[in-house]
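The structure under discussion appears below in the form of structure tokens.
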Amino acid sequence: MWSEKYCGPWHKAKSHIYGGHSYQSKFEAGYAMELDVLKKAGEIKDWLPHINIPLSVNGEIITRYTIDFVVHHNDGTVEYVETKGYDGDAYARLRWKLFQAIMKNDDVGCKCTKIKQATGWKKGRFKYGKH
């Protein structure tokens, strides 16, 4: 079931509720639905939404990053997925780059993926847009 709420004047996205969890956009909620389909089909082991991850350099927490999705694949690899309708401001892009660099160092087997709304879903499974 869908529910919408206006997120504010700084962007056009409306929050949506899917599966009892609030997502920042219809695009993000749609990707959560896709992950549920993949899990039910046995293509992924599990997934978690909105995980807050501290970003530390030399043992000091610089900032925190809330990743949209953490996907646990059947082969044991972990994928961190960020869904974006737009790239955001310079601070958001910097935090994404910092997140990628830290995760590459700390979790060697992980994969970081950014999915932009204009390019559609990964693997070409579903392209989101007006029909």
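Report yes if some residue within region 44-63 is part of a loop (DSSP other than H, G, I, E, B) and modelled with pLDDT under 95; otherwise report no. Yes; the residues of region 44-63 include at least one that is part of a loop (DSSP other than H, G, I, E, B) and modelled with pLDDT under 95.
So, in region 64-97, exactly how many residues are aromatic (F, W, Y), surrounded by fewer than 15 Cβ atoms within 10 Å (Cβ to Cβ) and farther than 19 Å from F27 by Cα?
So the first thing to find is which residues in region 64-97 are aromatic (F, W, Y), and the list is 65, 69, 80, 86, 91, 96.
So of that shortlist, the ones also surrounded by fewer than 15 Cβ atoms within 10 Å (Cβ to Cβ) come out as 86, 91.
Subsequent filtering for residues that are farther than 19 Å from F27 by Cα retains 91.
Residues flagged as aromatic (F, W, Y), surrounded by fewer than 15 Cβ atoms within 10 Å (Cβ to Cβ) and farther than 19 Å from F27 by Cα within region 64-97 amount to 1.
Residue-wise test of (1) assigned to a loop (DSSP other than H, G, I, E, B); (2) modelled with pLDDT under 70; (3) among the hydrophobic types (A, V, I, L, M, F, W, C).
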| residue | (1), (2), (3) |
| --- | --- |
| R93 | no, no, no |
| Q100 | no, no, no |
| K104 | no, no, no |
| C112 | no, no, yes |
| K123 | no, yes, no |
| F126 | yes, yes, yes |
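In region 27-51, the residue that is farthest from I67 (Cα to Cα) out of those that are in contact (Cβ under 8 Å) with a residue 40 or more places away in the chain and among the charged types (D, E, K, R) is E34. Scan region 73-91 for residues that are at pLDDT 90 or above and either part of a loop (DSSP other than H, G, I, E, B) or at positive phi (or both) and the total you get is 4.
The criterion of being among the β-branched types (V, I, T), surrounded by 12 or more Cβ atoms within 10 Å (Cβ to Cβ) and assigned to a helix (DSSP H, G or I) holds for V37.
The values are calculated or read from the model by the stated rules, or taken from the named source; none is laboratory data. Bear in mind that the values here come from a model prediction, so they are computed numbers and not experimental data. So basically every Cβ, Gly included, is an ideal-geometry build from the backbone, and we count neighbours across all protein chains shown.
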